[in-house]
Amino acid sequence: MVDVVPAPNPDRVRAFLGTTAPQLAESFLVGDILDKGALLSQASSRIDIPILLVRAGQAGPLTDDDVTNFREHCPQLTVEHVDTTGHLIAQNAPTALADILLRFEQSAAVRN
């Protein structure tokens, strides 16, 4: 997962989108996703494989509390950071993201 969690803080996400993509901040799709946070968290608790979360280092929409809440549902979560980029990690730091994905794929947590 890249700079997203199943149940982020809806107010923070809307504020973030309001400054980066105003047309999305109040869209039906975003509202629908944010309204399903509890359901998505519940579903994530049934995942029993390793999960990787890659977080942006600058001005991303996630907080440490969002990650802590996600980890409560998925204790097998691995979190990596790309400190040099904002939310659009794949666009702004594709090589760093690829390196993280390869390391994770080759890690003992995934290989076992």
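Read-outs: derived from the displayed coordinates by stated rules, not from any lab. Computed from a predicted structure; not experimentally measured. Cβ atoms come from the backbone with ideal geometry, glycine included; neighbour counts cover every protein chain shown.
Calculated mean residue ellipticity at 222 nm for the chain: -14500 deg cm²/dmol, from DSSP H runs with n ≥ 4 weighted as -39500 (n - 2.57), summed, divided by the residue count and rounded to 500.
So how strong a dipole does the chain carry about its Cα centre when Lys and Arg Cβ are +1 and Asp and Glu Cβ are -1, to the nearest 20 debye?
Numbers: 8 positive and 14 negative charges, 39 e Å.
Dipole size: approximately 180 debye.
When Cα Rg over 2.2 N^0.38 Å is computed from the coordinates, the matching label among [x] 1.14; [y] 1.09; [z] 1.24 is [y].
Sequence gap at least 6, Cα distance under 8 Å: using those rules, report the relative contact order of region 10-111 to the nearest whole percent.
Numbers: 95 pairs, mean separation 25.1, N = 102.
Here the relative contact order equals 25 percent.
Taking R0 as 30 Å, what FRET efficiency do you get between Leu88 and Ser45 from their Cβ-Cβ distance, rounded to the nearest 0.05? Display every interim value, and only then the final one.
Numbers: r = 28 Å, r/R0 = 0.94.
In this case the efficiency is close to 0.60.
Helix 94-105 sits at what angle to the longest principal axis of the chain, using alpha carbons and giving 0 to 90 degrees rounded to 10? Approximately 50 degrees, to the nearest 10.
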